[in-house]
Structures are given as structure tokens and as C-alpha cells.
Amino acid sequence: MNGLDWLAGPGVNDLAAVHFEFNSPVGFETGLMLLLAAALGAGWYSWTRLSPLRRRPRWALSLLRACVVLLALFLALDPCVTGSRIQPSDQYVLLLFDDSQSMRVEGAGGVSRGGRLLAIETTVYKELTEALRKKYQVVQYRFGEQIERLERLGDLSFSQSRSDITGAVRQALREWNGYPVTAVILFSDGIQQPALPEADLLSGLSATPPVFTVGLDDEGLWRDIRITRLSVRRTHFDRSPVVVNVDIEATGLAGEEAVIEVIESGKTVQSQRLAITGPEQLSQVRLEFIPAKPEWLEYEARVRLASTGPVDSPAAVTDIRAPGKDRLTQNNSRRFLADNTPKKYRILYVSARPNWEHKFIREALREDEQLQLTSLIMISAAERKFVYRGSKTTLTNPLYEGFGTDAEQFGRYDEPIYLRLGASESELKKGYPSDEEELFPFHLIIWGDVGLHFFQAKPLELTRAFVDRRGGSLLVLAGRDSMLEERPGGHPIASLLPVIPTTPDPLFQELSATHPFQAVPAREGELSGAWALDPDPETNQKIWGDLPLLYNLVPFALVRPGAAVYARSRSETPELDNQPLFVIQRFGHGRCAVLAMGETWPWQMHTGEDHPAFARLWRQVIRHLVIETPQPVAWREKRDAYLVSEPVRFDLVIRDPRFNEREGLRTTAEVTTPSGRKIPLGVEESIQEAGLYACEFQPQETGLHRLSVQAADEQGEAVGSLDEAFLVAPDESEFQNPRYDPVFLQEIASRTGGEFISIGQTASLASRIPWTPDPRAETARLHLWHNPLFFFLLAAMLSVEWYARRKRGCP
């Protein structure tokens, strides 16, 4: 309502740029001067005629006569309220409404943000749109990730998974680029997705029309506990447990106690309690458990207040608006996937002689069904020359003298004899593998008591390719005749090692043989899990401190840059103290590690058979080395979970058993959904990278999905296959940080020259928006003498003036 409607009537509300003028030949300023002169003249005339009266009545009657003359002449000049008649013009106002899931968050009184918006549809919002349509063309949009036209507020569903506020403003203005947009009115809770730095979000908005922001919540006390981050990994601890690190943020819940749980099929497999001591508390909780079934398993990590009881309990508190209770539960859980499918990792142990280390390592790995050890132990070296012994002369190896003369069965004199353990009948018959088909099926090679003289050039080149191209791991142990006590410069294996060996120093060898040292895990070794014998740091330190001392440490000339030291020596002898003990580095697709001692078996022999340190350490070290060994067919850059609202891209690297990238393959891919549907996918071969194939899948369901890939050559022979699983989760990004953010809305309004108001002030928005009249708009005049109030006032003043004069006897 305009403030002049009482004076000029309701028609004044249809005018803009309102001002006063006289509808007469004289101008407004001239008219005012005439009125003033007439009033003064009438007052002076009355003053002179009323000279017999006293001073006070004389002033009053003169002033009254002047007002009568002034009002009469004012009406005679035909005063008007003039303005441009308001009518819908070609100027636009864009109304944007937040339609994201965060609008479902309940506020005071149990009313959601979206509910508050819908409640004004027939009241203040109706007044706003009616006022706006008198001046502008009004266009309504709903927005989440994208914007779309909106007919009425009742069509809002508040179901979109993300709300890109600044992106919606930019997109709406792009659609109306070239049209006169006067203002944008934005109704939102201020939750921006994606949550980029504010400077990036607001860049460029200062050049836009003014944005008026309407906040849809209040700034009351916020109580919420949520999971901000979840990381899951299989550790290298014994039995390979799953470790879940949960980052938790609690706001406004000081004095409460939270329960963090891991749930599988409705059953709690692990839980931990957390005390909330401050108004804003960030905490990290570590949960560790061993999966029960050998398959892909889906779990849920959940946080709740201890006072609410288990979620499935009938006694659970459901009134989350009660004091001290969690306001939102959609951000209290995250789902994750654990791969517990049966796997077999093949390890090849090679030694130039039988030793105790191999014996105890084999015993340690026997307890882990996934780690399959194959041993190649040389028990007789090749003879350098043939010895003629008359009638007893034979070509068989002297080791079998007296057992027979068949060189094919017992081996020739110029061929070494190997003991093969854990190998099939056809494997390793000729000793160390000499081709890729025989070596590449292994995941890890361990060289113990093996020097460079043990190999010819081809096996060394093959081993280098095993690490570099195949992605396998190589572990070199120190010891008698070990290559770590030689300088392997110029050999293919030299650059593979994470250290540069040095020529043995007799003085150091003597010190190492007579002075003991203790193994101490470095920080990198503990974090990897390979060199941690207990998750608790104090317990782990005590276990290592109680282990027997060792001898025969091998020094290195240099640890290569980029290599990681997992363990060091500790000794009272300065020369032996703080020497690198276990060093590892990545090389190509694989890794190479060295252990600067060849005898760790005293940890088992001198502590008793029941002490788990030796066996556990070796299982963890070997698992650490094999766990990342790639398969011939692999899914590159797989993520922990995918959202149902986004496509899943499969980048498949396909190699043959020799780990050569293959091109031109007939590749098929199929996804099995949680409901059992099988969806074939179209696979395309990359033209930029050999062996890379890609396909996409748009999930429609949440839960565990399975991927099956088959690759065959042009003749139809199988090249490789892949069976994987991945998790699709609902997109609840809006609930990750759902706290009402009026500051962001205020910043948008400030940057663009608009205003920020609460939802209760919505009706006043029409008058706040600047409006420039159309030059072609009709000029309207509202004549004030049509208002009977002036005539009643004139008659009243004349009557009072006449009565006062006559009462005092004046003419």
C-alpha cells in the first residue's frame, strides 16, 4: 500500500515516480508562490479589519482566514498526484526456489524449511507475486544441480541431491541473457553444493543484477552429530582385519556420549563409545574387525547418541528435536564394501643353499591359506669339469652317485640340483624360471642367500621385467653369498634395489658378527602395518623390545631417494646403530625391498613356538608386498563408493598372461544389480592408450553391484577376465553439512547490491526492488479536489471563522 492512498485514492498504488503538480497554466513553483502571497494578503486584510479585538483572538482569526483562502485557492489550481501508470513491462524478475533435500531439515516447532516456504504460498508470497506482476514479467525456477521452470510452489518436491546456489543464479541469468533482468529473488537455506572456496563461488556475481536472498530457517541452537569422512582399508596385520577410520563432528551436544558401530546385515560387528566434551568437537575413531564370510560384504558405519538406544530398538528416542538430541539422522551413517573373496598369492622363495630362515618362514606362512609358498632350494651346484673315473664314470650329478646312471632322471653333472617344495610336477624343473609364463604367475619373489653368480643375464632381465612390467614384488635378504654384500653395478638388477650395496668392510663384518643389535620399526613401517606387531603403540614397542638380539647386519652405501625405510637397527655399538634394516621402493608397476640381515629365525627359536612375533611379522611383510600386485585385467582408479546420481566409469586395463597390453580384443562387460538384473555394457577401446578399454554404467539402485568382464582375441580364445564388485550409495551430500547458512546468503546479496531478508519479510520485497519506468508508460493524474475531505475541511474552517467573528461582534 502506498502512503498517499488516503489522499488521492487507491489509484495511487498503480503509479510509479509519484509527485505533486498543479493542473493549471502556472507551474508548481509559481503556484506555491501565489498561494503564499494570497494567504499572506488574506491574513493581513483580516488583521487590519479586526483591530478592535485583543491580540490573541486577532491572530487566531487572521490565521484561520488565511488558511481558508489558502485551501480555496489550492483547490482552484487543481492540485494532482501525478505519476507513470504501472503496467507489466518488458523487465523481468527471476524467482529461484531451493528444491534440494536439505530443505527437509526440520527447524523450530518441527516444521521443515520447505514446509515454511510452502506455508506462505497463499499469503505473503501471493501478495509478493501480485505486486511484482504489476511491474515486471515474473519467471519462477526450481533449482538443485540444475534449474527448471516452476509453475507453482506446490510443485516443489525437495528431492534434488545437491543445491548449486551460485550456479543456479548464473544459469538463470545465462538463459535470459539479452533481456532486461531487474533483479533475482533467491529462496534458500544457504547450503551450497559443491562446497568450493567462497571466493570461487562468488566470483563474477558483482556484475549481475541485484540478488535478493530470503532465508528459510532460523539461527537457533544447532545440535547435530555426523560422519564427515570414512576410510576403509585391509591392514597387513595377522589375519588381515578391516580397519575403519571414522571422522566425527559433534555440534551443540556437550556432555552427551556417542556410540560408533559397524553393522552387517542388521548385526553389530564392532562398536566403540565416544565422550562429547565440547560444543564443537572433531574426533577420529578406529574400528577393527575380521570379516566372517569369504565374499564381498556390505557394511554400514553408524554414529548415534547413546541416549537414543540402538536404531532398531523399540525404545529408541524418536523426538530428535528434544534438548540434547541429534537434529538430523541422515548424516549419521555411511556404507562401505569389504573384499573378503578367497584369494591366492603365490610366493617363490629362492636360495642357493638350505637354511633355517627358509624353514621358519615356511612354517609361518602355513597358517595363512592365502599365502602359497613355492621354494626352490639348490642342494648341489653344477660341477665345473667332467671327471673320468674309469668304469664308474657317469654323466649324472655326483649327489646321486650310487642311485643310478640316468642323467635325465637324476640330472647331469654340469647342472645344479634343486629341491622344489610346493611346486607342481612340471614347475621349476630346470631351476629358476627362464620365461614369463613360468615366472609371472608369482606375486612375490624372495631371494635368500643368493648372489649374482647364481644367475645368468636372462633370469636377471626377466626378474626386472617381473617387477617393472608385471608389477610383482622382489624381496632380497642379506646373508651368506647375498648380492647385498656385492656391488651389482652394471647388472639389470642394480637400479631395482632401493639401496646401493657396498663392498664388505672386514672391521664392520667383525663388529656385526660379535656385537648384537635390535630391530626397531620406523614410523613408515608402523603406518604401513607391515612392521607393527600390535595396533597399540605402547604394546607394539614392548613386543619389539622383548625380542632377542640379532647379529650379522649388512651395511649399505646409500638409500636411494624416494625409498622408504620401514625399520632400523638399534645398538650400543655406534657403527651398528641406526642403520637401515628394511628398505622398500616402487619400481615401475611393482616394488622391491631389501632386508639387511639374513637370519631372523632367532626370534622364533629363542622365544618359543607359541610366541607369535616371528610368524606374524613375516606374514604381514609378505602380505604387504603382495596385496597390491596387479592382475592381468584390472579396473583402474576404482573408488570406494559411487553415488546413485552419477555415472560409473570403468577404465579397464587388459593384458595377457605375459602382461603385455592387448589391442583389438572382443571385450564384453556386464553389471549385475542388487535386484538381480543383468545389464550388458558397450565397451570402447581407447585410441590414446594401448590396452585400455572403457565403458559407463548409470546406476538406478543402491547397494552391491557386480561387474564381469571377458576379453577374447580375434580367434575367440580367452585373454583375460575380471570379476569385481562396487557399491552404489544414495547421494546425501545435502545432509553432510546441513546447517542453515545465512552468512552465505548475506554475502551473495551484498556482492550483487541486493538485500537479505527473513521469510517473514517476503511481502516487502516488491517495494525494495528498484524500478525504472518505461518511457512509453502513460502519465496519469489523480485530482485531489475529488477528495471530499478538502471540502469538509473548507466548510468547517469557514463555519468556525464566521462563528468566531460574529460572537465577538465583528463584521
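Region 204-218 and region 720-767 have Cα centres lying 13 Å from one another.
Pairs with C-alpha atoms separated by more than 31 Å, drawn from the list LYS344/LYS430; LYS293/LYS325; LYS267/LYS638, are LYS293/LYS325. Placing unit charges on the Cβ atoms of the charged side chains and taking the dipole of the chain about its Cα centre, the candidate lying farthest along the positive direction among THR166, GLY598, VAL18 is VAL18. In percent, rounded to a whole number, the relative contact order of the chain is 14, using alpha-carbon pairs under 8 Å and six or more apart. For the chain, the solvent-accessible area works out to 49 Å² per residue, with a probe of 1.4 Å and every protein chain left in place. Ellipticity at 222 nm from helices only: DSSP H runs of n ≥ 4 in the chain, each -39500 (n - 2.57), divided by the residue count, give -7000 deg cm²/dmol.
Here's the list of aspartates and glutamates a cross-link from LYS458 could span, going by alpha-carbon distance under 12 Å and ignoring same-chain residues fewer than 8 apart: ASP435, GLU436. Volume per residue of the convex hull around the Cα atoms, evaluated for region 64-184, comes out as 181 Å³. The charge dipole of region 524-610, taken about its Cα centre with unit charges on the Cβ of Lys, Arg, Asp and Glu (plus for the first two, minus for the last two), comes to roughly 580 debye. Express as a percent, rounded to the nearest 5, the fraction of DSSP beta bridges in the chain (both residues included) that run antiparallel. So the antiparallel bridges in the chain amount to around 70 percent. In straight-distance terms, cross-link reach from LYS542 covers every one of the lysines whose alpha-carbon lies under 28 Å from its own, apart from those fewer than eight places away in the same chain; here that gives LYS359.
For region 707-803, applying the loop criterion from DSSP together with a ceiling of 13 other beta carbons within 10 Å to the trypsin sites (Lys or Arg not before Pro) yields ARG776.
Against the criterion of solvent-accessible heavy-atom surface with a 1.4 angstrom probe, ARG116, ARG362, ARG480 sort, most first, into ARG480, ARG116, ARG362. Spatially, region 63-86 and region 112-189 are offset by 45 Å when compared through their Cα centroids.
Work from the charge dipole of the chain (Cβ charges, +1 for Lys and Arg, -1 for Asp and Glu, about the Cα centre) and give the residue of PHE697, CYS80, SER426 farthest towards its positive end. Highest projection toward the positive end goes to CYS80. Assuming a ≥ b ≥ c are the square roots of the Cα gyration tensor eigenvalues, decide whether region 499-553 counts as rounded (a/c under 1.5), prolate (otherwise, with a/b larger than b/c) or oblate. Judged from the Cα gyration tensor, region 499-553 comes out oblate (a/c at least 1.5, b/c at or above a/b).
Within region 583-692, the trypsin sites (Lys or Arg not before Pro) that combine a DSSP coil assignment with at most 16 other C-beta atoms in a 10 angstrom radius are LYS638, ARG639, ARG658, ARG677. With both labels modelled 7 Å from their Cα along Cα-to-Cβ, the GLU121 to ARG286 distance reads 5.3 nm.
Straight-line cross-link reach from LYS126 at under 25 Å between alpha-carbon atoms covers these lysines, not counting any fewer than eight positions away in the same chain: LYS134, LYS135. The Cα atoms of region 682-811 cover 131, 40, 27 Å along the three principal axes, with the biggest extent listed first. Convex hull of alpha carbon positions in the chain: directionally averaged projected area 58.5 nm². Looking at region 135-234, the trypsin sites (Lys or Arg not before Pro) that sit in a DSSP loop and have at most 14 other Cβ atoms within 10 Å of their own Cβ are ARG152. Looking at the chain, which longest stretch skips every one of the chymotrypsin sites (Phe, Trp or Tyr not before Pro) that is in a DSSP loop with at most 16 other Cβ atoms within 10 Å, leaving the sites themselves out? It works out to 552-811.
Long hydrophobic helices in the chain: the complete DSSP H runs spanning 27 Å or more by Cα along their own axis with mean Kyte-Doolittle hydropathy of at least 0.5 are 28-49, 55-76, 788-807. Per atom type, the chain shows carbon and sulfur on 51% of its accessible surface, probed at 1.4 Å. The charge dipole of the chain, taken about its Cα centre with unit charges on the Cβ atoms of Lys, Arg (+1), Asp and Glu (-1) only, comes to about 4080 debye.
Computed from the Kirkwood radius of its Cα pairs, the Stokes-Einstein diffusion coefficient for region 604-704 at 37 °C and 0.692 mPa s stands at 193 µm²/s.
The values are calculated or read from the model by the stated rules, or taken from the named source; none is laboratory data. All values reported here derive from a predicted model rather than from experimental measurement. Glycine gets a Cβ as well: all are built from the backbone with ideal geometry, and neighbour counts include every protein chain shown. Protein only, heavy atoms only, side chains kept; ligands, DNA and RNA dropped before computing areas. Shrake-Rupley method; radii C 1.70, N 1.55, O 1.52, S 1.80 Å.
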